[in-house]
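Peer 1: Pasting a structure here, questions to come.
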Amino acid sequence: MIHKYKLCGYNVVLDVNSGGVHIVDDLTYDLLTDVEPPLAEKCPEEVLEKLSKFYKKEDIISCYEEVLEAYKEGILFSEDNYEQYADMSVASPIKAMCLNIAHDCNLRCDYCFASTGDFGSGRKLMTYETGKKAIDFLLEKSANRENLELDFFGGEPLMNFDVVKQIVEYARSREKEYGKRFRFTITTNGMLLDDDKIDFINKEMSNVVLSVDGRKEVNDRVRHRVDGSGSYDKIIPKYRKLVEKRGDKEYYVRGTYTKYNLDFSDDVFSLVDEGFDQISVEPVVADPNEPYALTEKDLPVIFKEYEKLMQRIVDYEKTGKKFNFFHFMLDLDQGPCAIKRLRGCGCGNDYIAITPDGDIYPCHQFVGDDNYKMGNIDEGTFNYDMKNDFSKMHIYTKPECHDCWAKFYCSGGCNANNYKYAGDTRKAYRMSCEIEKKRLECAIVLRAIRMGESADPSEC
Amino acid sequence: MKHIKTINKANLKATAAKGGCGKCQASCQSACKTSCTVANQKCER
């Protein structure tokens with residue numbers, strides 16, 4: 001399977017199953033519309049005849065020879081033979097955990113999927129005892145996995161920061177005995193950040209996700225306090241301080257765009273202007289009836305905006321400066337292995353979420369849905385049948401993914417979004433798919449531009 | 001080649017044989033929390 005598209009003056013051909021990315025001329029682009037595998041040794045007469053109306057015959061023949069060479073090399077029309085690996089991660093150890101340390105929040109963001117922090121089940125903080133049991137659970141279930149991930153999430157995790165510290169200390173104390181390495185991360189709205197918390201986070205957390213939506217007016221419209229006042233002015237100086245003191249360690253300022261700011265490239269650049277260089281701004285996922293929700297009607301505008309963002313990044317880089325936009329990051333050479341790409345996040349299989357009550361869910365997005373409660377840490381229960389079912393959610397059991405060109409890049413998408421908005425964990429949620437595909441197309445062209453590949457600039 | 005310029009190593013097939021060690025990050029833990037993008041993850045083997 002190949003996917004070909006034109007963007008910004010580039011003709012891009014992606015060979016889906018090998019991962020090969022080719023920049024081709026117009027003749028090759030047109031020729032690839034008319035040939036299908038298995039390729040013959042010589043250019044078919046009907047193709048030659050059709051294309052000779054627009055191109056010289058000798059050029060068509062030499063072009064076909066190159067296509068044939070790439071085909072024989074296995075980087076064009078290569079076959080999908082990965083399904084044999086799909087069972088490899090069944091019964092996988094659990095290696096990643098989202099700890100909902102606080103089901104409470106000091107903001108009332110309009111689009112919060114956690115029902116403004118409590119996931120619809122009452123405002124609660126996790127106790128140290130429950131957190132400790134969660135660590136023990138992870139140590140026990142992780143079998144031979146050395147790298148364990150623990151994300152402090154909420155609600156707002158800084159509302160229960162003493163317990164965060166205790167849990168980190170406890171987990172560290174068990175690392176040597178079990179031969180494990182914990183990688184802690186935290187996702188915060190920043191309201192309660194102070195010097196002590198910044199220092200602790202910078203010392204212990206391998207990544208920190210700092211929520212902010214971009215421009216002040218955009219952020220404050222949806223990310224506000226109980227009294228309606230905005231959060232921007234309070235959090236930005238704290239974020240700046242944290243990032244300045246963080247050195248080279250990973251962080252993201254992470255925003256959400258909604259129908260209110262379809263011009264979100266301005267929000268990305270607003271964050272750049274505030275001094276941040278690791279940026280993630282991504283689409284809200286919400287009930288389409290909400291006023292801020294994105295719908296399929298918005299897709300053409302969203303696509304144009306991603307193209308605009310890509311062009312603005314190119315222009316910015318021409319000035320000698322750089323920043324990283326999370327969803328345009330794409331390592332075409334050293335990315336994840338094909339096995340990883342079959343099922344993506346691994347929720348419910350090698351990744352789970354724990355609530356303050358010790359309830360276990362496949363991930364933070366399933367929290368509060370009784371249909372997906374997998375067990376309880378305190379009660380020592382765990383639904384292995386459900387784990388097994390999640391382990392079989394991969395691109396070959398999701399009908400729409402099977403023939404999608406982007407399947408090895410998004411790996412079947414978010415199971416929770418599929419469930420909530422498409423009605424089934426194995427059914428693709430089209431909004432997410434379309435946006436993901438557009439981002440990938442832009443990311444590939446951005447890569448070509450950075451490599452100095454030439455194109456017709458007038459088409460951009 | 002005159003007509004085709006390949007801009008990467010196209011090694012997905014080779015990674016299948018030795019892959020699946022599980023050392024890499026769970027995709028959603030990095031910066032998303034509301035979506036899944038795998039291709040921007042790193043192999044940590």
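Peer 1: Among A:Thr355, A:Ala416, A:Ile435, whose Cα sits farthest toward the positive end of the charge dipole of region A:304-460 (+1 at Cβ of Lys/Arg, -1 at Cβ of Asp/Glu, about the Cα centre)?
Peer 2: A:Ile435
Peer 1: Go through region A:337-352 residue by residue and turn each phi into a ³J(HN,Hα) via Karplus (6.51, -1.76, 1.60, θ = phi - 60°); whole Hz please, and just put x for glycine and proline.
Peer 2: So the Karplus estimates, Gly and Pro as x, are 5, 4, 5, 4, 6, 6, 9, x, 5, x, 4, x, 10, 10, 9, 9 Hz.
Peer 1: Among A:Lys180/A:Lys245; A:Lys340/A:Lys398; A:Lys304/A:Lys420, which pairs are too far apart, with a Cα-Cα distance over 21 Å?
Peer 2: A:Lys180/A:Lys245; A:Lys304/A:Lys420
Peer 1: How much net charge surrounds A:Tyr292 when only the other residues with a Cβ under 12 Å from the Cβ of A:Tyr292 are counted, with Lys and Arg +1 and Asp and Glu -1?
Peer 2: Combined, the nearby Lys, Arg, Asp and Glu give -2.
Peer 1: Can you give the net charge of the other residues whose Cβ lies under 14 Å from the Cβ of A:Leu330, counting K and R as +1 and D and E as -1?
Peer 2: Local net charge: +4.
Peer 1: Quick one: ranking A:Lys132, A:Lys53 by accessible area, 1.4 Å probe, largest first, what do you get?
Peer 2: Largest accessible area first, the residues go A:Lys53, A:Lys132.
Peer 1: Continuing with this model, one more query. Using only the Cα atoms of chain A, construct the convex hull and provide its projected area averaged over every direction, in square nanometres to one decimal.
Peer 2: If you wrap the Cα atoms of chain A in a convex hull and average its projections, you get 23.5 nm².
Peer 1: A follow-up question, please. Would you grab the residues whose amide H sits under 5 Å from the one on A:Cys98? Only those 5+ places off in sequence or on another chain, please, with H modelled 1.01 Å from N.
Peer 2: Distant-sequence amide H within range of A:Cys98: A:Asp151, A:Ile352, A:Ala353, A:Ile354.
Peer 1: Roughly how many debye, to the nearest 20, is the charge dipole of the protein assembly as shown about its Cα centre, given +1 on each Lys and Arg Cβ, -1 on each Asp and Glu Cβ, and no other charges?
Peer 2: Taking the Cα centre of the protein assembly as shown as origin, the dipole is about 1040 debye.
Peer 1: Please list 3J(HN,Hα) in residue order for region A:299-305, calculated via the Karplus relation 6.51 cos²θ - 1.76 cosθ + 1.60 where θ = phi - 60°; whole Hz, with x for glycine and proline.
Peer 2: Result, rounded to whole Hz: 4, x, 5, 4, 4, 4, 5.
Peer 1: First select every other residue whose beta carbon is under 14 angstrom from the beta carbon of A:Gly179; then total the charges, Lys and Arg +1, Asp and Glu -1.
Peer 2: Counting the neighbours of A:Gly179, the net charge comes to +4.
Peer 1: Charges only on Cβ, +1 for Lys and Arg, -1 for Asp and Glu: so what's the dipole of region A:1-150 about the Cα centre, in debye to the nearest 20?
Peer 2: 1100
Peer 1: Also, I was wondering about something else. Can you list the residues, at least 5 places off or on another chain, whose amide H is less than 5 Å from the amide H of A:Tyr257, using H built in the peptide plane?
Peer 2: Amide H neighbours of A:Tyr257: A:Glu282, A:Val284.
Peer 1: Further question: When the Karplus curve 6.51 cos²θ - 1.76 cosθ + 1.60 is applied with θ = phi - 60°, which whole-Hz ³J(HN,Hα) does each residue of region A:16-32 get, with x for Gly and Pro?
Peer 2: 4, 7, 9, x, x, 10, 10, 9, 10, 7, 4, 4, 4, 4, 6, 4, 5
Peer 1: 5 Å is the cut-off here: which amide hydrogens, built 1.01 Å from N in the peptide plane, fall below it relative to A:Leu332, excluding neighbours closer than 5 in sequence?
Peer 2: Counting only residues 5 or more places away or on other chains, the set is empty.
Peer 1: Which percentage, to the nearest 5, of the DSSP beta bridges contained in the protein assembly as shown is antiparallel?
Peer 2: Working: 22 of 56 bridges.
Taking every DSSP beta bridge within the protein assembly as shown, about 40 percent pair in antiparallel fashion.
Peer 1: So for A:Met205, A:Met1, what's the accessible-area order with a 1.4 Å probe, most first?
Peer 2: Order by accessible area, largest first: A:Met1, A:Met205.
Peer 1: Run lengths n ≥ 4 of DSSP H only: what is the helix-derived mean residue ellipticity at 222 nm for chain A, with -39500 (n - 2.57) per run over all residues, to the nearest 500?
Peer 2: So the calculated ellipticity at 222 nm is -11000 deg cm²/dmol.
Peer 1: Please report the accessible area of A:Arg145 (heavy atoms, 1.4 Å probe, ligands and nucleic acids excluded) in Å², nearest 10.
Peer 2: 30
Peer 1: Could you work out how much longer the chain between A:Arg221 and A:Asp199 gets when fully extended? Use 0.36 nm per residue separation minus the Cα distance between them, nm to one decimal.
Peer 2: Roughly 4.9 nm would be gained on extension.
Peer 1: Let me ask you something else. Toward the positive end of the charge dipole of region A:58-128, about the Cα centre and with charges on Cβ (Lys, Arg +1; Asp, Glu -1), which of A:Tyr71, A:Val90, A:Met126 goes farthest?
Peer 2: A:Met126
Peer 1: Let me ask something else about it. Roll a 1.4 Å probe over the protein heavy atoms and report the accessible area of A:Tyr10 in Å², nearest 10.
Peer 2: Around 10 Å² of this residue is reachable by solvent.
Peer 1: Dipole of region A:93-222, Cα-centred, from +1 at each Lys and Arg C-beta and -1 at each Asp and Glu C-beta, to the nearest 20 debye?
Peer 2: The calculated dipole for region A:93-222 is roughly 420 debye.
Peer 1: For A:Glu244 paired with A:Asn81, estimate the spin-label separation in nm (one decimal), with each label point 7 Å from Cα along the Cα-to-Cβ line.
Peer 2: Going by the 7 Å Cα→Cβ label model, 5.7 nm.
Peer 1: Over region A:160-234, what relative contact order in percent results from Cα pairs under 8 Å that are six or more residues apart?
Peer 2: 23
Peer 1: Note the full-extension length gain between A:Lys427 and A:Ser62 as 0.36 nm times their separation in residues minus their Cα-Cα distance, in nm to one decimal. Can you show the working numbers first?
Peer 2: Numbers: separation 365, 0.36 × 365 = 131.40 nm, distance 4.32 nm.
Additional length available on full extension: 127.1 nm.
Peer 1: Using 0.36 nm per residue of separation minus the Cα-Cα distance, give me the extension gain between A:Asn388 and A:Lys42 in nm, one decimal.
Peer 2: 119.7 nm
Peer 1: As a test of reading the structure, rank A:Arg447, A:Arg172 by solvent-accessible area (1.4 Å probe, protein chains only), most first. Don't skip to the answer; put the middle values down first.
Peer 2: Details: A:Arg447 50, A:Arg172 80 Å².
These residues rank, largest area first, as A:Arg172, A:Arg447.
The values are calculated or read from the model by the stated rules, or taken from the named source; none is laboratory data. No experiment lies behind these values; they were computed from the predicted model shown. No Cβ is skipped: glycine too gets one built from the backbone with ideal geometry, and neighbour counts run over all protein chains shown. The accessibility values were calculated without ligands, DNA or RNA, using every heavy atom of the protein model including side chains. Shrake-Rupley method; radii C 1.70, N 1.55, O 1.52, S 1.80 Å.
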